[in-house]
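Structure, as structure tokens:
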Amino acid sequence: MPQMNRDQRNAAWQAANQWRARAAQTQPNGLMGSLKLLLTWLAFGALMIVGVVLGLFFLLIGWAMMPFVRHKMKKRMEQMRADHAQDIGGGYAGEQPSRQHDALEGSYEVKDESRR
């Protein structure tokens with residue numbers, strides 16, 4: 001078996017050489033080939049422009065919506081804080097403390113010491 005050099009053993013290198021050979025064979029020749037190449041580049045450029053415009057459009061829409069989303073999240077956080085403060089405080093000032101409490105384990109009732 002003859003000694004193979006490193007380039008011949010490398011499958012990726014062989015595939016790249018085959019691709020290069022095919023690309024050299026399919027060079028645009030004549031007016032039709034040049035026209036096809038020009039139209040391909042124009043279509044690629046138009047798609048790139050459309051993609052950039054759509055990307056900028058959605059970016060601007062996102063930036064425009066940020067204050068509304070921030071306001072909604074702020075209101076939601078205020079409501080959660082108020083609910084949490086009410087749970088901790090046991091009710092509002094001036095309200096009679098109730099005998100029934102909700103705990104993480106479930107509901108329980110505090111019994112009066114005088115009933116014993």
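Data for the structure
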quantity	calculated
For the range 64-75, 3J(HN,Hα) per residue [Karplus equation, 6.51 cos²θ - 1.76 cosθ + 1.60, θ = phi - 60°, Hz, x = Gly/Pro]	5, 7, 4, x, 5, 5, 4, 5, 5, 5, 5, 4
Separation of the residue 72 and residue 48 label points, Cα + 7 Å toward Cβ, nm	3.7
Additional length obtainable on full extension of the chain from residue 17 to residue 87, 0.36 nm per residue less Cα span	17.9 nm
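Taken together, the values in this text are just the output of simple stated rules run on the coordinates, not laboratory data. The shown structure was predicted, so the numbers you read here are calculated from the model rather than taken from an experiment. Here Cβ is always computed from backbone atoms with ideal geometry, including for glycine, and neighbour counts include all displayed protein chains.
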